[in-house]
Amino acid sequence: MAPKHGLDEVTKAKALLVLLALVWGLSWPIMTIALAEISVWTLRVLGFSLSALSLFALIRLQGRSAAIPRGVTWLHMVAASMFNVVGFGLFSSFALLASSTSRVVIVNYSMPIWASLMAWRILGERLSIRAGLGLVLCVGGLTVLVYPVATAPSAVGLLLALCCALSWAAGTVYMKWARIAGDLLAITAWQIALGALVFAAGLLVFQGMPVPAAVSLKAILAVVYNGLIGTGFAYILWFAIIERLPTATASLGSLATPVVGVSSSMLMLGERPTTEDMIGFALIFAAALCVLTQPARKPAAGMP
């Protein structure tokens, strides 16, 4: 009976992976819809607050501890939040305001290539031939995307999307290096909560005290989706998946996310990618595929 149970768990994880790709992919055009009426600061304060509250509620319902050891652990937590939540949230949001959603999505998902390079330099992980090929493909894809709009305002959006990918990659490598002690769900919830506080401070600095304003139901629903589903529920799904599948397999499955993101941007926002866009998308997707499908290697000397 054990093998059957194992198969059931794997099948369930794969179904959750499909759902996660839909949830994360749809979050990109839905964020664009929200940003048409709501500022970056407001969107991120509300979205991250809803997300953090939902994760803390789940931790409590499951009887888990949200406690994080005092001392240097909290310094690591703050640093990781700056990369994973603040950097990601800031760069991705302003990128969506400056460029097409589909372009932002695909540039953002160049993250595995940059994470591989950072892990090589910082963690001493070996850089495989596939990772090198992925870097070449990624640079080629970015060049194809940026060159036609190099002098246009949308080029700024692509640069911000690249900064988002770099921040996400840095946060991933930092988490691996810091080895923050505690429950992984609690660590995630605290990082998002810290991010919400940073964006609340940014809201007060750059916009002043919030003033009630008329907002459409569509924008309100977009904010709720971004916080409760696109972030909170998505992380719950991710942790359920990695409990059942190897992280490498789960990461490979997440490559469906940019496909959903680009497709849903076309359907929901009426975007029509150009030939250059499609070539750039294909090259960056192939680059990420090269990195995520490389066989597992033993860590370099000194690494566990």
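The values are calculated or read from the model by the stated rules, or taken from the named source; none is laboratory data. For clarity, every value in this text was computed on a predicted model and none was experimentally measured. Glycine gets a Cβ as well: all are built from the backbone with ideal geometry, and neighbour counts include every protein chain shown. Ligands, DNA and RNA are stripped out before the accessible areas are found, and what is left, the full protein with its side chains, is counted by its heavy atoms. Shrake-Rupley method; radii C 1.70, N 1.55, O 1.52, S 1.80 Å.
First check a/c for the chain, with a ≥ b ≥ c the square roots of the eigenvalues of its C-alpha gyration tensor; if it is under 1.5, answer rounded, and if not, answer prolate when a/b is larger than b/c or oblate otherwise.
Because its axes are fairly even, with a/c under 1.5, the chain counts as rounded.
Among the trypsin sites (Lys or Arg not before Pro) in the range 13-114, which ones are in a DSSP loop with at most 11 other Cβ atoms within 10 Å of the Cβ? Mind listing them?
Passing sites in the range 13-114 are ARG70.
Find the centroid of the Cα atoms in the range 37-76 and in the range 152-201, then give the distance between the two in whole Å.
Centre-to-centre (Cα) distance: 13 Å.
Take each complete run of DSSP H in the chain, measure how far its Cα atoms stretch along the helix's own axis, and keep only those covering 27 Å or more with mean Kyte-Doolittle hydropathy at least 1.0; list them. List each step's numbers first, then the result.
Working: long enough: 2-35 (49 Å, 0.97); 40-61 (31 Å, 1.60); 154-178 (36 Å, 1.40); 184-206 (33 Å, 2.20).
Membrane-span-like by this rule: 40-61, 154-178, 184-206.
Would you mind calculating the gained length between LEU97 and PHE239 on full extension (0.36 nm times residue separation, minus the Cα-Cα distance), in nm to one decimal?
Separation in residues times 0.36 nm, less the Cα-Cα distance, equals 48.1 nm.
How many percent of the accessible area of the range 38-104 is carbon or sulfur, using a 1.4 Å probe?
Result for the range 38-104: 71 percent of the exposed heavy-atom area is carbon or sulfur.
Given a 1.4 Å probe, how much area per residue of the range 1-133 is accessible, in Å²?
47 Å²
I want to check the label-to-label distance for ASP8 and THR151. Put each point 7 Å from Cα in the C-beta direction and report it in nm to one decimal.
6.5 nm
Mean-square fluctuation check for the chain, GNM, Cα pairs under 10 Å: which of LEU26, LEU137, LEU123 is largest?
Comparing LEU26, LEU137, LEU123 in a Gaussian network model of the chain, the most mobile one is LEU123.
Excluding ligands, DNA and RNA, what is the solvent-accessible area per residue of the range 165-214 at a probe of 1.4 Å, expressed in Å²?
For the range 165-214, the per-residue accessible area is 52 Å².
Leaving out ligands, DNA and RNA, and with a 1.4 Å probe, what % of the accessible surface on the range 182-292 is carbon or sulfur?
74 percent
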